[in-house]
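The values are calculated or read from the model by the stated rules, or taken from the named source; none is laboratory data. A quick note: this is a predicted structure, and the numbers were derived from the prediction, not measured. Don't worry about glycine lacking a Cβ; one is built from the backbone with ideal geometry, like all the others, and counts go over all protein chains shown.
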Amino acid sequence: MKAFISDFDGTIFFPEREEKISRNDVYAIKELKKENLFGICTGRPLVGLDSLFDVGIECDFYILTNGALILDRNRNPLLKATFKKEDIISLIELIKPYEFVFQTTEDLIALKKNAMFPVPQKLVGDITRYLDQVIGISIATPSEEIAKKLSEEISKQYDLSAFPNQFYVDIIDKKCSKGNAVNFIRNHFSLEKVFAIGDSYNDLSMLNAADVSFTFQESSEDVKRVADYVVKSLSEAVDQFDGK
């Protein structure tokens, strides 16, 4: 059996477009799922995937929070990695100048409403009671350059992995990544071959871990150098998947 794994934002979901998830991509995924597995690999929590469910796509597995949480098709946890409490408390001081949210297995939690995160947020006055549930932190910065610098600073100071994703920074446990999640899925389902498509820096480990990888012409040169093929759409990648 083979699996096709897709990033979400900028790969299958385009919020700026009238058709946020294209009908061609939806059709291609549903056809693929008749004989193969399809999964999403994203920095988002499950509550951020409503647009996918609205067009009738249910996945065979969900890689969430950049690999810190993996769910099966029934949305039961296969893998979960939480933060150390002391790291969360220390990080809050470092990232105070920016908007940020915490991801748990169930919710996106914020200390105040953050307009830069277009996902339903649970507002709490005190993060203390959730410290043992945090599996990821996402930060919105003013620019891609600041996101890259902040990612490097966090990765050096903490035993955590920080990834720039456009002008956002996603933070997860050091042993987690999209690439490690791909390998987990490969072993869990005893897959013959894994295909993956993504568009950003946080997709690099996923593209490297896949047997065949795709990205887009609009992606950065760093991402295009890693990918095996450059395509115009997810549906075009699925067409190539059928022949490999």
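Structural remarks
- Residue-level check: of (1) over 23 Å from E221 (Cα atoms); (2) at pLDDT 95 or above; (3) of a type outside the set (D, E), A147 misses just (1).
- Among the conditions (1) more than 29 Å from F100 (Cα to Cα); (2) in contact (Cβ under 8 Å) with a residue 40 or more places away in the chain, the only one that K33 does not satisfy is (2).
- Those residues of the range 163-188 which are in a loop (DSSP other than H, G, I, E, B) and over 18 Å from L79 (Cβ atoms), in sequence order: Q166, F167
- Taken over the range 63-119, the criterion of being over 18 Å from R129 (Cα atoms), part of a strand (DSSP E or B) and of a type in the set (A, V, I, L, M, F, W, C) is satisfied by I63, L64, L69, I70, L71, L78, L79.
- Checked against (1) closer than 25 Å to M1 by Cβ; (2) surrounded by 19 or more Cβ atoms within 10 Å (Cβ to Cβ), F163 meets all criteria but (1).
- Per-region count, the range 1-50, residues outside any helix (DSSP H, G or I) and either surrounded by 22 or more Cβ atoms within 10 Å (Cβ to Cβ) or among the aromatic types (F, W, Y) (or both): 18
Conditions tested, residue by residue: (1) in the same structural domain as V119 (by TED's automatic domain parsing); (2) under 21 Å from L71 (Cβ atoms); (3) within 16 Å of the chain's Cα centre (by Cα); (4) part of a helix (DSSP H, G or I).
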{"residue": "I139", "(1), (2), (3), (4)": "yes, no, yes, no"}
{"residue": "I146", "(1), (2), (3), (4)": "yes, no, no, yes"}
{"residue": "E152", "(1), (2), (3), (4)": "yes, no, no, yes"}
{"residue": "S161", "(1), (2), (3), (4)": "yes, yes, yes, no"}
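For (1) at pLDDT 95 or above; (2) under 23 Å from F241 (Cβ atoms); (3) touching a Gly at 6+ places or on another chain (Cβ under 9 Å); (4) among the basic types (K, R), each residue gets a yes or a no:
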| position | (1), (2), (3), (4) |
| --- | --- |
| S6 | yes, yes, yes, no |
| I29 | yes, yes, no, no |
| E58 | yes, yes, no, no |
| L69 | yes, no, yes, no |
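- Residue within the range 179-196 that is of a type in the set (G, A, S), in contact with a helix residue (DSSP H, G or I) (Cβ under 8 Å, 6 or more places away or on another chain) and either surrounded by fewer than 23 Cβ atoms within 10 Å (Cβ to Cβ) or not assigned by TED's automatic domain parsing to the domain that holds L32 (or both) present: yes
- Of everything in the range 189-203 that is part of a loop (DSSP other than H, G, I, E, B) and polar (S, T, N, Q), the residue that is nearest to the chain's Cα centre (by Cα) is S200.
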